[in-house]
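To keep things clear, I will list the structure first and then write my remarks on it.
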Amino acid sequence: MVNEFGYCSLDYEAAYARDSGVITCRATNKYGVDQTSATLVVKDEKGLVEETQLPEGRKGAHRIDDMERMAHDGGPYGVTAEEETEKIKPEIVLLPEPARVTEGETARFRCRVTGYPSPKVNWYLNGQLIRKSKRYRLRYDGIYYLEITEIKSYDSGQVRVVADNNLGSAEHTVKLDIQQKEDFRTHLRRAPETKTVAQGNEVKFRVRVVGRPEPVCQWFKNGALTSSDTCKFLHDDEEHTLMLLDISPEDTSVYSCEARNEYGEATSSASLTVEGIHRCAPVQTGTTGAALAQANHQGRRASE
């Protein structure tokens, strides 16, 4: 006998004709008792026993044949051909439970349904009918199971189970929450921006870096590692800043930030253009004319 997850079963490894009869399952707790029954019919192989061993003779054998035929056609347990068939609308007696799983894992749901004729059971994810596939596994062994493998973030939402027959339907909805898979790799959430500035100003390149353990950041100028002699490095939580002071046209370059931890690395670059200030030598207007006038005056005095 198996009893797990609210589901009980009685299994016969080898059944014989003497095992035929009514099997009753009774559940009891301090609030009351409930039970259900089913008829077990075990037929001997033909040719081994020519005559029925039942006390009612052939009449009893025909009665067993009728019960077996009804069971094969989907009739309810414990109902014989001589009894009036009671039709029952579906009821979900074991409700599926909400699930909270991490991306990439498997979400599992289960339910147990009663009713006659046997209800048809369907599962829905966010309103879409689930059909059996590689990702969606459907199984039944007295309990209906749904498994969603390799769960994705877009699977988040509602899972609904619906059971229906010609007497009615029953349904139940639960929530499926997806947790984002923890990613230890290094990521640059904000890249540095390309800048154009005038000579003599200061400029800052900022990046936002996440990862666990905390990544180490390094700045490069045209592929060469920058030095604290020519710039400043600032760090505030996830934000890393490269500050250049009193820049000149020689600072025009491509600056890169490389963030690295033991799980990976990330790099992003931006260019800096420094516009120089154009200076012209001063010109004194009228200097040439005055010099010529003075030279002419001196020449006249020499001739006198």
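The values are calculated or read from the model by the stated rules, or taken from the named source; none is laboratory data. Fair warning: this is a prediction, and the values are worked out from it, not measured in the lab. For neighbour counting, all protein chains shown are included, and Cβ atoms are generated from backbone atoms with ideal geometry for every residue, glycine included. Note: accessible area is taken over every heavy atom of the protein model, side chains too, but ligands, DNA and RNA are not part of it. Shrake-Rupley method; radii C 1.70, N 1.55, O 1.52, S 1.80 Å.
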Just give me the residues in the stretch 252-269 being open to solvent by less than 60 Å² (accessible area, probe 1.4 Å), at pLDDT 90 or above and either outside the structural domain of residue 198 (by the TED database) or of a type outside the set (S, T, N, Q) (or both), in sequence order. 255, 257, 258, 259
Among the residues that make up the stretch 108-119, is at least one of them of a type outside the set (D, E, K, R), surrounded by 14 or more Cβ atoms within 10 Å (Cβ to Cβ) and within 17 Å of the chain's Cα centre (by Cα)? yes
Before we move on, is residue 177 closer than 30 Å to residue 96 by Cα and of a type in the set (Asp, Glu)? yes
Test residue 174 against the criterion of being hydrophobic (A, V, I, L, M, F, W, C) and free of Cβ contacts under 8 Å to residues at least 60 places away in the same chain, and give yes or no. no
Exactly one condition in (1) free of Cβ contacts under 8 Å to residues at least 12 places away in the same chain; (2) part of a strand (DSSP E or B) is not met by residue 227; state its number. (2)
Among the residues of the stretch 231-242, the number that are open to solvent by 20 Å² or more (accessible area, probe 1.4 Å) and either free of Cβ contacts under 8 Å to residues at least 12 places away in the same chain or among the aliphatic types (A, V, I, L, M) (or both) is 3
